[in-house]
Amino acid sequence: MKWPTSELHIHIEGTIESEFLVAAARRNDVSLPTYDPAELTARYVFADLQSFLDVHYSNLTVLRTERDFHDLAFGYLKRSAAGGVRRAEFFFDPQTHVNNGVPLEVVFAGLTGAVQEARETLGISADILLSFLRDLGADAAEETFRAAMPFRDQFIGVALDSTEIGYPPSLFEKVYGMAAAEGLHRVAHAGEEAGPDYVWEALDLLGVERIDHGNRALEDPALVARLRDERIPLTVCPLSNVALRTAPPRLADHPLRRMIDEGLVVTISSDDPAYFGGYVDDNFDAIERELALTPVELARLAANSFEASFIDDETKAGYLAEVGEALATAESVASTRALRE
Ligand code: ADE
Ligand code: ZN
């Protein structure tokens, strides 16, 4: 079943499939350890977040031209639309590309062009979040923010990603204040590898509207109560968590079950689907199977993804009606199956 969803935690750079990587490397004359896509994919076994980031950033040197950014984003939007995604709010890491010698206007032109084309030809709605690399520090984030101001109308918010431990949200209070003054949305990765204190800081100091990941929030009952009472969404990425060992090795033991039972506003996303074994529909299939989620629980996750998205209320209502229809279909399939048993 392809649930109608909004994908809220997706790094556009993490959608670089090995075939695309090889083609871009050849086109742009960038060397890779191997030009066999299957062999590249087979190497994607990670010990932790950093070991993934090292491969990820190294691969991104193949992205050089407007076409590269356009095709990457359009490919993601096409694949996702086929998997039920109606709305995507995707991150990009400008610092990675600028440090690789690609001008910001080239990156924006490619990504924005893809968003417009996908809206017109695929009917999928998308917007862009500018993400700061936390391990490059606060001054670099502020410089990046200022450099992005000429493109202010091409992104709707800011985010914070990359190496988590050692780079707490508090470092980025000033740049998040600048973003708030610009009327931008604010989200941040927190509680992926680092503890609940990073989630508190993201809420209290950065004023975020959603927490990306947030798994380790479960260690702090007062924080769980805050997230529940204020209905702050968590963008949870089950296959990513298993691949990066931020959750137990068996998906059946993923804290998602506990998050749902605690009454948290959980959404499901793929994070970096080219590396972690699948897109958002693959994540839905995996959690349905491994955590034995009911159609009502899956529909709740899908509905949460629209509730938590940065779209207007009327558009939201339309998507929520679609989730209702999908639930009716899923329940009738389930009861027909039960009758046969
Ligand atoms: N950049 C790409 N994927 C990431 C993740 N899961 N956590 C932090 N930074 C990232
Ligand atoms: Zn992420």
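The values are calculated or read from the model by the stated rules, or taken from the named source; none is laboratory data. Not measured: the values here are computed from a predicted model. Note that each Cβ is placed from the backbone with ideal geometry, even for glycine, and that neighbours are counted across all protein chains shown.
Considering the stretch 179-207, the residues that are within 24 Å of Pro150 (Cα to Cα) and touching a Pro at 6+ places or on another chain (Cβ under 8 Å) include one that is farthest from ligand 1 (Cβ to nearest atom), namely Leu206. Against the numbered list (1) within 16 Å of ligand 2 (Cβ to nearest atom); (2) aliphatic (A, V, I, L, M); (3) more than 30 Å from Glu143 (Cβ to Cβ), Val45 comes up short only at (1).
For every residue, the table says whether it meets (1) surrounded by 23 or more Cβ atoms within 10 Å (Cβ to Cβ); (2) basic (Lys, Arg).
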{"position": "Asp71", "(1), (2)": "no, no"}
{"position": "Tyr76", "(1), (2)": "yes, no"}
{"position": "Asn99", "(1), (2)": "no, no"}
{"position": "Arg119", "(1), (2)": "no, yes"}
{"position": "Asp127", "(1), (2)": "no, no"}
{"position": "Gly137", "(1), (2)": "no, no"}
{"position": "Ala141", "(1), (2)": "yes, no"}
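When Ser6 is tested against the conditions (1) among the small types (Gly, Ala, Ser); (2) within 15 Å of ligand 1 (Cβ to nearest atom); (3) under 15 Å from Tyr76 (Cβ atoms), the lone failure is (2). Leu72: modelled with pLDDT of 95 or more, more than 16 Å from ligand 2 (Cβ to nearest atom) and touching a helix residue (DSSP H, G or I) at 6+ places or on another chain (Cβ under 8 Å), yes or no? Considered against the rule, which asks whether it is modelled with pLDDT of 95 or more, more than 16 Å from ligand 2 (Cβ to nearest atom) and touching a helix residue (DSSP H, G or I) at 6+ places or on another chain (Cβ under 8 Å), Leu72 comes out as yes. Of all residues in the stretch 184-201, those that are within 24 Å of Pro248 (Cβ to Cβ) and β-branched (Val, Ile, Thr) have Cβ atoms under 9 Å from Cβ atoms of residues that are part of a loop (DSSP other than H, G, I, E, B) and within 15 Å of ligand 2 (Cβ to nearest atom), 6 or more apart or on another chain, in Val199/Gly191; Val199/Gly214. Counting the residues of the stretch 233-259 that are closer than 22 Å to Ser162 by Cα and of a type in the set (A, V, I, L, M) gives 7. Please indicate, with yes or no, whether at least one residue in the stretch 257-268 is within 16 Å of ligand 1 (Cβ to nearest atom), under 26 Å from Glu219 (Cα atoms) and in contact (Cβ under 8 Å) with a residue 60 or more places away in the chain. Scanning the stretch 257-268, I find at least one residue that is within 16 Å of ligand 1 (Cβ to nearest atom), under 26 Å from Glu219 (Cα atoms) and in contact (Cβ under 8 Å) with a residue 60 or more places away in the chain, so the answer is yes. Restrict the check to the stretch 256-263 and report whether at least one residue is modelled with pLDDT under 95, surrounded by 13 or more Cβ atoms within 10 Å (Cβ to Cβ) and over 21 Å from the mean Cα position of the chain (by Cα). Checked against the condition, which is being modelled with pLDDT under 95, surrounded by 13 or more Cβ atoms within 10 Å (Cβ to Cβ) and over 21 Å from the mean Cα position of the chain (by Cα), the stretch 256-263 yields no hits at all.
Just one of Phe108, Phe91 is over 30 Å from Pro248 (Cβ atoms), at pLDDT 95 or above and either hydroxyl-bearing (Ser, Thr, Tyr) or buried (at least 18 other Cβ atoms within 10 Å of the Cβ) (or both); which is it?
Numbers: Phe91 fails: over 30 Å from Pro248 (Cβ atoms).
Of Phe108, Phe91, the one residue that is over 30 Å from Pro248 (Cβ atoms), at pLDDT 95 or above and either hydroxyl-bearing (Ser, Thr, Tyr) or buried (at least 18 other Cβ atoms within 10 Å of the Cβ) (or both) is Phe108.
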